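What follows is one structure encoded as structure tokens, with my remarks underneath.
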Amino acid sequence: MNYQSIRGKLRQLEKRLWERICGQDHVIPRVMSLLERGELGLQPRERPKGSFLFLGPTGVGKTQITLEIAECLFGQQGAIRFDMSEFLHLDQVKSFVGEGKDRPGRLGIALENHSTGVLLFDEIEKAHPRIWDLFLQMLDAARITLGDHRQWDLSRFYIVCTTNIGSENLLRRTRLPFATLERTVLGQLRTHFRPELVARFDEKLVFCPLSYSVQRKIAHAALLAELARMGREGYHLGIGGSALEFIIRYGIHHSLGARPMKQAVLKYIGDAICADLRKGGNGCGYLVAAPSSERLIIVPEKPDSV
């Protein structure tokens, strides 16, 4: 084991999380603490390298932080992701766990192709309760026997589950401190899942909704990233004062958080470039919100700064 190499990789990951996961400052230190123990081999050998249960509304960074961890520690194919809403009904359970010889199921196929990485189970509350029982094996003994009777060792994996349980409490307008809301959400979690399942997760972390200042930060970062990409294509653009507010309006959703952001940035910047080219322009200038329509336009001179 090369301690310095592991610490270097973890420092790089921590820096990346602080840069890319906005508004969840209380989450990152606890995530990094467990990852350090996992990477240094300090977790019990009969358990996964680490297990997380991420709670909170859609679009606040639960899946994103998981994907960042997987890519930094295991490469671009490091995340093995399952949308658990696909396994809601009893007749769908077999497609997840397999059935008989030569029918390993979705999980078995994934484990055949990966010996380590991050197993991500999105929206676990939507899966059939029989699938929840599988997590007792996975989290406690780092082993699972699937429908084709093969047993798999999960001790070289991190396991991450996400859930929206209790999100309505977080999204409701209230002056209650976040710590109080956090306790309420965790209380709802324990009424939804069996206590022995909840107890097996190493970390249960509640993500908070995005404040307006965090929304601005996310929108600004998304704009800069897309403008850099467009610049490499020959379209050099700056941000006008109204463009940022426009992207916040269309890229942030009350119940979906920042999930629509990427698509909004792609659409409205792309549409603005297309419209400018149709008028005989070169797709360069400054982005501003059109005064009388729901779109961005390109102007040649720099308006008021952001």
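The values are calculated or read from the model by the stated rules, or taken from the named source; none is laboratory data. It should be emphasised that the depicted structure is a prediction, and the values quoted were computed from it without experimental measurement. Using ideal geometry, Cβ is built from the backbone for each residue, glycine included, and neighbour counts are taken over all protein chains shown.
Here are the numbers for this structure:
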quantity: Any hit, the range 244-261, residues being in the same structural domain as V288 (by TED's automatic domain parsing), within 13 Å of G283 (Cα to Cα), in contact with a strand residue (DSSP E or B) (Cβ under 7 Å, 6 or more places away or on another chain) and crowded, with 20+ Cβ neighbours inside 10 Å; calculated: no
quantity: Residue count for the range 212-226, restricted to those that are in contact (Cβ under 8 Å) with a residue 40 or more places away in the chain and crowded, with 18+ Cβ neighbours inside 10 Å; calculated: 7
quantity: Helices (runs of 4 or more DSSP H) within the range 1-98 that include 3 or more residues in the same structural domain as C161 (by TED's automatic domain parsing) and more than 16 Å from the chain's Cα centre (by Cα); calculated: 3-20, 28-39, 90-97
quantity: From the options L34, L42, residue that is farther than 30 Å from I252 by Cα and without any contact (Cβ under 8 Å) to a residue 12 or more places away in the chain; calculated: L42
quantity: Where a residue in the range 68-87 is polar (S, T, N, Q) and its partner, wherever it lies, is surrounded by 18 or more Cβ atoms within 10 Å (Cβ to Cβ), with Cβ under 6 Å and at least six apart; calculated: S85/E123
quantity: Residue match in the range 27-42 (condition: at pLDDT 95 or above and under 21 Å from G257 (Cα atoms)); calculated: yes
quantity: Of all residues making up the range 227-253, the number that are within 26 Å of the chain's Cα centre (by Cα), among the β-branched types (V, I, T) and under 16 Å from D271 (Cα atoms); calculated: 1
quantity: Selected residue (only one of A275, A264 is outside any loop (DSSP other than H, G, I, E, B), within 32 Å of the chain's Cα centre (by Cα) and surrounded by 14 or more Cβ atoms within 10 Å (Cβ to Cβ)); calculated: A264
quantity: Filter pass, L154 being of a type in the set (A, V, I, L, M), more than 30 Å from C22 (Cα to Cα) and modelled with pLDDT of 95 or more; calculated: yes
